[in-house]
Amino acid sequence: MLTLEAVEAGYGRSRVLFGLSMTARAGEVVSLIGRNGMGKTTTVRAIMGLNRPTGGRIDFDGRSLSGLAPHAIARLGLGLVPEGRRIFPSLTVEENLVATARAGSGGAGAWTLERVVTLFPRLGERRRQSARTLSGGEQQMLAVGRALMTNPRLLVLDEATEGLAPLIRAEIWRCLHELKQAGQTIVVIDKNLGEMAALVDRHHIVEKGRVVWSGTPGELDASPELARRYLGL
Ligand SMILES: Nc1ncnc2c1ncn2[C@@H]1O[C@H](COP(=O)(O)OP(=O)(O)OP(=O)(O)O)[C@@H](O)[C@H]1O
Ligand SMILES: [Mg+2]
């Protein structure tokens, strides 16, 4: 479904991605893992058209994303939960959700307001509250809900559980398992390898702007030197 081939990208003159290649097949959950500053968020920004690659190619369903604006890429069915949860603080929970709503041939069936609040009952209880009054964890659920409301064929989550209390984190992981069961294709970036092992089909280790290893969580487990060398564990 998604293929990155030798992608190069950066900020101004500073290069961050040096020929990064990765894939996500339909129905697959794949990760990008690696230490801070290795280029995971930059990869996501390149996929979403927020940062224009200077080399390589990015294909979605066999179609090149190169030169497309972020809204055009989103409309093809890519949904992002960005690092640092961006929501509209002055809108209510419900307004935040319907603001991004889009009918689509979503990867996991059609997402509606009702389905999102069934997935996250806390959001249902707070649907008339302004989003700024939500806890950090609830705001993160809202960010996930907003991405789902676009009915994405591919859902990309950049550190969706960062800084959350354990119970809220568990709720996000439960949601991701439900999405996977429903056939949603997902690219997930997270620091919690233990939780990811149960969810992810294939990891990609990012080191200095390249994918230096790709394999199953079982294979990663079987090679502790990989975790030592590339993840600092
Ligand atoms: N807007 C920016 N302008 C200039 N350099 C940036 C910008 N954003 C990121 N960088 C640099 O690009 C490199 C890769 O950053 P990136 O955010 O992709 O890393 P990451 O793997 O997502 O890290 P983390 O795990 O901390 O989120 C870093 O050296 C970072 O300082
Ligand atoms: Mg990042």
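The values are calculated or read from the model by the stated rules, or taken from the named source; none is laboratory data. Note that the coordinates shown come from a computational prediction; the quantities given were computed from them, not determined experimentally. When we count neighbours, we look across all protein chains shown, and the Cβ atoms used for this are built from the backbone with ideal geometry, even at glycine. Side chains are part of the model used for accessible areas, which takes the heavy atoms of the whole protein and leaves out ligands, DNA and RNA. Shrake-Rupley method; radii C 1.70, N 1.55, O 1.52, S 1.80 Å.
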How many residues of segment 5-40 are assigned to a strand (DSSP E or B) and more than 15 Å from the chain's Cα centre (by Cα)? The answer is 15
Output for segment 21-68, where each listed residue is without any contact (Cβ under 8 Å) to a residue 24 or more places away in the chain and on the phi < 0 side of the Ramachandran plot: Thr23, Asn36, Leu50, Arg63, Ser64, Leu65, Ser66, Leu68
When segment 9-33 is examined, which residues are found to be within 13 Å of ligand 1 (Cβ to nearest atom) and open to solvent by 10 Å² or more (accessible area, probe 1.4 Å)? Gly10, Tyr11, Gly12, Arg13, Ser14, Arg15, Val16, Phe18
Arg85 fails exactly one of the following numbered conditions: (1) in contact with a Gly (Cβ under 9 Å, 6 or more places away or on another chain); (2) farther than 23 Å from Asp190 by Cα; (3) surrounded by 15 or more Cβ atoms within 10 Å (Cβ to Cβ). What is the number of that condition? (2)
Would you confirm, using the coordinates I've provided, whether Ala103 is small (Gly, Ala, Ser) and not in a loop (DSSP other than H, G, I, E, B)? no
Do we have Phe120 as crowded, with 16+ Cβ neighbours inside 10 Å, among the aromatic types (Phe, Trp, Tyr), farther than 19 Å from Met1 by Cα and within 19 Å of the chain's Cα centre (by Cα) here? yes
